1. Quick one: residue 68 ticks every box in (1) farther than 16 Å from residue 185 by Cα; (2) within 19 Å of the chain's Cα centre (by Cα); (3) not in a helix (DSSP H, G or I) bar one, so which box is it?
2. Failed condition for residue 71, given (1) touching a Lys or Arg at 6+ places or on another chain (Cβ under 9 Å); (2) surrounded by fewer than 12 Cβ atoms within 10 Å (Cβ to Cβ), with all others met?
3. Going through 82, 56 one at a time, which residue ends up being farther than 19 Å from residue 172 by Cα, surrounded by 14 or more Cβ atoms within 10 Å (Cβ to Cβ), in contact with a helix residue (DSSP H, G or I) (Cβ under 6 Å, 6 or more places away or on another chain) and at pLDDT 95 or above?
4. Using beta carbons and a limit of 8 Å, which pairs, at least six apart or on different chains, have the first residue in region 98-114 and modelled with pLDDT of 85 or more and the second one assigned to a helix (DSSP H, G or I) and open to solvent by 40 Å² or more (accessible area, probe 1.4 Å)?
5. I'm trying to understand the selection: among the residues of region 20-40, which are over 19 Å from the mean Cα position of the chain (by Cα), in a helix (DSSP H, G or I) and touching a residue at least 24 places away in the same chain (Cβ under 8 Å)?
6. Hey, any hits in region 194-208 for a residue that's touching a Pro at 6+ places or on another chain (Cβ under 9 Å), of a type outside the set (D, E, K, R) and at pLDDT 95 or above?
7. For region 41-53, check the following and say yes or no: at least one residue is open to solvent by 60 Å² or more (accessible area, probe 1.4 Å), assigned to a loop (DSSP other than H, G, I, E, B), touching a residue at least 12 places away in the same chain (Cβ under 8 Å) and in contact with a Pro (Cβ under 9 Å, 6 or more places away or on another chain).
Amino acid sequence: MRTGPFDFRRYAEAEMLDRASRFEAEIARRRSVRHFSPEPVPREVLVRCIRAAATAPSGANKQPWTFVLVTDPACKPRIRDAAEKEERECYGSRAPQRWLDDLAALGTDANKPFLEIAPALIAVFAQKHGAEADERHYYVSESVGIAVGILLAALHHVGLATLTHTPSPMGFLSEVLGRPANERPYLLIPVGYPADGCQVPDIARKPLSEVLVIRE
């Protein structure tokens, strides 16, 4: 394998702490938004955020992801109609009552107007294998999940609002967007500016003591 120099930047401890604190404060402001403005967003900004996501580490460097950027006003209603069909079945019969009770606190239901109102949708697909069936991919879900995390952070960093939307099942995305059989829908991300007066659920994060274990 060819190698090259690593463009690594080391910072003094005080600067490390400052950078960590500023990033923590910035990312803590990120919230899932369901009320979007239809105002267009710069396409090049979206492309650069996706490019950043595509730098994520992946199993054997197979990069098993495809990002489909949708801004076509004729395509978004088709995605919304198909998603709402699945959501109505989910809310009506598939989801257990405990799940519905947990969702009720967030005020969600089967209606997803944001899929049509948001100026952009990013559909993320996980490649089960390469274009040829014998081209194996490894740790696909883990790799795509890391890429999505970078994408969400990048979009927030540039001043855009997002939502992670996972209607189940999501096979309709493959059909609507014409994706090949080796790709499975992973996530649908509406992106844009929040609507004027946008409200989000008043939720609390778990304290650090519940999510961090230090072994010294």
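The values are calculated or read from the model by the stated rules, or taken from the named source; none is laboratory data. Treat the numbers as computed from the prediction; the structure is a model and nothing was measured. All Cβ positions, glycine included, derive from the backbone under ideal geometry; neighbour counts span all protein chains shown. Remember, those area values only see protein heavy atoms, side chains included, never the ligands or the DNA or RNA. Shrake-Rupley method; radii C 1.70, N 1.55, O 1.52, S 1.80 Å.
1. (1) is the only condition that residue 68 fails.
2. (2)
3. 56
4. As it stands, the answer is 109/91; 110/88; 110/91; 110/92; 112/80; 113/80, since those pairs meet every condition given.
5. If the condition is that a residue be over 19 Å from the mean Cα position of the chain (by Cα), in a helix (DSSP H, G or I) and touching a residue at least 24 places away in the same chain (Cβ under 8 Å), then no residue fits.
6. Step one: of region 194-208, the residues touching a Pro at 6+ places or on another chain (Cβ under 9 Å) are 195, 200.
Applying the additional criterion that residues be of a type outside the set (D, E, K, R) yields 195, 200.
So of that shortlist, the ones also at pLDDT 95 or above come out as 195.
Within region 194-208, one or more residues are touching a Pro at 6+ places or on another chain (Cβ under 9 Å), of a type outside the set (D, E, K, R) and at pLDDT 95 or above.
7. no
Conditions tested, residue by residue: (1) out of contact with any Ser or Thr (no Cβ under 9 Å at 6 or more places or on another chain); (2) under 27 Å from residue 141 (Cα atoms); (3) small (Gly, Ala, Ser).
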| site | (1), (2), (3) |
| --- | --- |
| 1 | yes, yes, no |
| 11 | yes, no, no |
| 24 | yes, yes, no |
| 32 | no, yes, yes |
| 36 | yes, no, no |
| 49 | yes, yes, no |
| 55 | yes, yes, no |
